[in-house]
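Read through the structure below, which is laid out as structure tokens, and then see the notes.
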Amino acid sequence: MINSYLSRIGYQGPNTLLLLILLMLTRTTQATNINLYIYVIVWQFISHLLNITIKNILKHPRPDSDKNEKFKTLVPTLSNYFTIHRNYGMPSGHAQAVMSELTFIILYFKQPFLSMLCIIQTSITLWQRYTTQRHSINQLIVGSAIGITVGVIFYKLIPFIENTYSSSSTLTSSTLPSSTLPSSTLPSSTLPPSSSTLPPSTLPPSSSTLPSSSSE
């Protein structure tokens, strides 16, 4: 029961780590960089395509290929190129995928606890591929080596992707239109004129101008 459960967890290892990478990117300063999410998916697609190509060239049997009587007659063609590789085992596609994703997670996120969880997931995947006789030790080693290389290369490209996004954001902000309320067109103050412009006082003349007293 436990082995069956672990086997399912191991088989889904590549998908689990890929989803974890996409989720963790939403918690970084690059969370709004849509291109980064696209590049992550394209990176894994290219890695998978590389694995298919190597398998179809080497045509190395899986440990359980002896159960397939038609294995020796299998020939990759354009029509079956993306399916026939499932009969070959060198290098391990699962090992390549989880090791590339694990390498990127360790180097990019730099979170020990997260890295430890991903190491456990990767270990379960490698165990599952070996115990189910889908791959030999050598196939797992070669797949892991290719995966680490692919993961390091993608990690090295990340600064270029981030800088491109930062430059684009800066350019966008610098081209935003300025305020459409020019100060020169604002209406002048409607306050009443200052006291200096008030009309002359209409008060009666001072006492010095009153007529002389009649007591004289």
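Every number here is computed from the coordinates shown, using simple stated rules; none is lab data. Quick caveat: nothing in here was measured; it's all calculated off a predicted structure. Note: ideal-geometry Cβ built from the backbone for every residue, glycine included; neighbour counts use all protein chains shown.
With K and R counted +1 and D and E -1, the other residues having a Cβ less than 15 Å from that of residue 13 yield a net charge of +2.
Please identify every one of the trypsin sites (Lys or Arg not before Pro) in region 25-130 that sits in a loop by DSSP and has no more than 12 other beta carbons within 10 Å of its own beta carbon. All intermediate terms of the calculation are to be shown ahead of the outcome.
Numbers: sites: 27, 55, 59, 67, 70, 72, 86, 110, 129; in loops: 27, 59, 70, 110.
Here the trypsin sites (Lys or Arg not before Pro) that fit, given the DSSP loop and packing criteria, are 27, 70, 110.
List residues of region 90-113, by number, whose backbone nitrogen lies under 19 Å from a label position 7 Å along Cα→C-beta of residue 64. Residues passing the 19 Å test: 90-96. Checking the a/c ratio against 1.5 first, then a/b against b/c, what shape does the Cα gyration tensor give for region 33-169? Because a/c hits 1.5 or more and a/b fails to exceed b/c, region 33-169 counts as oblate. Classify region 6-76 from the C-alpha gyration tensor, please: rounded if a/c falls under 1.5, else prolate or oblate depending on whether a/b exceeds b/c. The shape class here is oblate.
Relative to one another, the C-alpha centroids of region 103-145 and region 1-73 are positioned 11 Å apart. With each label point set 7 Å from Cα along the Cα-Cβ vector, what nm distance links residue 77 and residue 156? Label at residue 77, label at residue 156, 4.0 nm between them.
Residues whose amide H comes within less than 5 Å of that of residue 88, counting only those at least five positions distant or on another chain, are absent (H built at 1.01 Å from N in the peptide plane).
Of the chymotrypsin sites (Phe, Trp or Tyr not before Pro) found in region 13-94, the ones in coil according to DSSP and having at most 15 other Cβ atoms within 10 Å of their Cβ are 81, 82. By the rule of a C-alpha distance below 19 Å, with chain neighbours fewer than 8 residues away ignored, the aspartates and glutamates paired with residue 110 are 101, 162. Subtracting the Cα-Cα distance of residue 123 and residue 108 from their residue separation scaled by 0.36 nm leaves 3.4 nm.
Once the chain from residue 27 to residue 46 is taken as fully extended at 0.36 nm per residue, the excess over their C-alpha distance is 4.3 nm.
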